[in-house]
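The values are calculated or read from the model by the stated rules, or taken from the named source; none is laboratory data. The model shown is predicted, which means the values in this text are computed figures rather than measured ones. Glycine also receives a Cβ, built like all others from the backbone with ideal geometry; neighbour counts cover every protein chain displayed. Surface areas here come from the heavy atoms of the whole protein model, side chains and all, with no ligands, DNA or RNA. Shrake-Rupley method; radii C 1.70, N 1.55, O 1.52, S 1.80 Å.
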Amino acid sequence: MKKYKLVIFPILILFIFSCTKMDLITPTDFTISVDKTTYKVGDTVTFKINGNPDYIHYFSGDSGYIYENRNLTTAPIGKVTMSFSSRLTEGATDSTLQQNTLRVLISGNFITPAAGYKIDSAAVARTSMDAWEDITSRFKLPKVPGTNSLNTGVVDITDLAIKYAGKPTYLAFLYKDVSDTVQAQRYWYITNLTIDNTLPNGNKYNVFYLINKSLSPLFSIVNIKNNSNIWTIGSTAAQISINGGPAKSPDNEDWIISRALNLMYFTTDKSLPIKTVSDNIITSTQKIYKKAGVYHVVFVAKNVINGNETEVIRDLNITVTN
């Protein structure tokens, strides 16, 4: 009797495994519905979800979550504004004396150090004052000491954003006061400093936001005269102050200069994730709109297998009234 050996060729193994491979199925059964399409501000909108795709995320249509803005690489020119509050607590009470001790400057031509973000007196010396634009007159500043802060109001600096577009832009506060045998030098507090870029679609971006989140300071303190009295930075980068010192203190010149800013800063809009492949099936999600308007709401459903994916998009408009 002959004996036979069973031989399984590699090609047969590949065939068997290929028969068990899962197909990538488009989640065409995914649908979104609502009970109505018009709501009032503060109402809860419930989006009912049918189907069970691997992933679901959606754009709610309000600021920061607009589907059409998801792939922006350049933004239309918005309105760039700056504001801060200031308080003066020392020096002459005569409004004709000790004026112009604080200047607000901006530059797109500042010569920064060759390495690193830190700005020192050498960097200031390398840069001509002509490179700085004095914008102090745009802001309301107190002229005499007092106990209350004065807010500048929201000042439009869009022209400067356009002028310095594509250039690293630096904001500086320059303090100068002189020795006096009678008067103390000025003591300035600056708080609530902000620069915002508001796009035509209403999205508002704080120019300082990313820098404040970094590990490096927003401002560099630069002393030119009298290192005993220099700028100080409070608990946040939006709080800075300088005390020139009592009567007979030496002359002061001190700068506080921001890191490079992009006055037209914006980010692309994002979606809100509501389901991943590891989550159980979900049947609804909710949203509360705080402003009246018409919101284009877009849901994206995806199935993913072996690095490949397929998706469907469902959208609807929600009208919100006061």
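Quick notes
- Scattering curve values for the chain, log₁₀ I(q)/I(0), Debye with Cα scatterers, q = 0.09, 0.11, 0.14 Å⁻¹: -0.68, -0.84, -1.07
- Cα centroid separation - the range 245-293 against the range 46-86, whole Å: 13 Å
- Between Arg186 and Gly244, the built amide H atoms are under 5 Å apart, and every one of these is 5 or more places off in sequence or on another chain.
- Long-range Cα-Cα pairs in the range 36-99 (distance over 19 Å), rounded percent: 69 percent
- Other residues lying with their Cβ under 9 Å from the Cβ of Asn52 contribute a combined charge of -1, Lys and Arg counting +1, Asp and Glu -1.
- The Cα-based radius of gyration of the range 266-322, divided by its Kirkwood radius, gives an Rg/Rh of 1.03.
- Across the range 56-69, rounded Karplus estimates of 3J(HN,Hα) from the backbone phi angles (6.51 cos²θ - 1.76 cosθ + 1.60, θ = phi - 60°) give 9, 9, 8, 9, 6, x, 9, 3, x, 9, 9, 4, 5, 9 Hz, Gly and Pro being marked x.
- Kirkwood Rh in Å, taken over all unlike Cα pairs in the range 166-322: 20.8 Å
- Dipole magnitude of the chain about its Cα centre (Cβ charges: Lys, Arg +1; Asp, Glu -1), debye to nearest 20: 960 debye
- Of the trypsin sites (Lys or Arg not before Pro) found in the range 236-322, those that fall in a DSSP loop while having at most 11 other beta-carbon atoms within 10 Å are Lys290, Lys291.
- The solvent-accessible area of Arg87, taken with every protein chain present and a 1.4 Å probe, is close to 70 Å².
- For the set Lys167/Lys225; Lys163/Lys291; Lys225/Lys248; Lys79/Lys143; Lys140/Lys290; Lys48/Lys302, the pairs lying more than 22 angstrom apart at their alpha carbons are Lys167/Lys225; Lys163/Lys291; Lys79/Lys143; Lys140/Lys290.
- Per-atom-type breakdown for the chain gives carbon and sulfur 54% of the accessible area (1.4 Å probe, protein chains only).
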